[in-house]
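Data block below; observations after.
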Amino acid sequence: SCGRKESLQKLYHLPEAKGFQTWMEGVALLLDLSKTSPQLVSTNIVEVFYYFVLRINDSHKKVKQKALDVLAEIIGRLEDALNLVMICLVEGIRKNLNSKDPRVHAA
């Protein structure tokens, strides 16, 4: 559990990170935590999704696409907790519906 809390702390500091590779790792970390510790993510959903919505709106197409793909995968696991962040998630997703990049639009 201690390692999971450290992973959560790592997620919180990612918005300050530079470089898309670090952001991609953060999105992968969120996917992993949602599989191994859905309760931990659910309990901290507002803080976690503050970071995640930034990634959905990232200027780097690969990060944006990965974040949208991960969101589709974790919705079922975090369904009840997502009610608290639904408005900001929908807004973040909506901004990508007109993406000129077909992979981002499809995600």
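Whole-Hz Karplus values for region 84-92 come out as 5, 10, 4, 4, 5, 5, 4, 4, x Hz, taken residue by residue from phi with 6.51 cos²θ - 1.76 cosθ + 1.60 and θ = phi - 60°; glycine and proline positions read x. The relative contact order of the chain, computed from alpha carbon pairs under 8 Å that lie at least 6 residues apart in sequence, is 27 percent. Checking the cross-link pairs 10/35; 35/100; 10/66; 66/95; 35/95 against a 25 Å limit on the alpha carbon distance flags 35/100; 35/95 as lying beyond it. For the listed peptides 53-60, 92-99, a ranking on the average number of other beta carbons within 10 Å per residue, highest first, reads 53-60, 92-99. Return the label of the correct value of P(r) over Cα pairs in 10 Å bins from 0, in percent, as calculated from the structure shown, out of [x] 13, 43, 29, 12, 2, 0; [y] 16, 51, 27, 6, 0; [z] 15, 51, 30, 3, 0. So the structure-derived entry is [z]. Computed from phi, the 3J(HN,Hα) profile of region 52-67 under the Karplus parametrisation 6.51, -1.76, 1.60 (θ = phi - 60°) reads 5, 5, 4, 6, 4, 9, 4, 6, 7, 4, 5, 5, 4, 5, 4, 4 Hz, with x in place of Gly and Pro.
Every read-out reported here was derived from the displayed coordinates using simple, explicitly stated rules and does not represent laboratory data. Owing to the predicted nature of the structure, the values given are computational and were not obtained by experimental measurement. In this analysis, Cβ positions are derived from the backbone assuming ideal geometry, glycine residues included, and neighbour counts consider all displayed protein chains.
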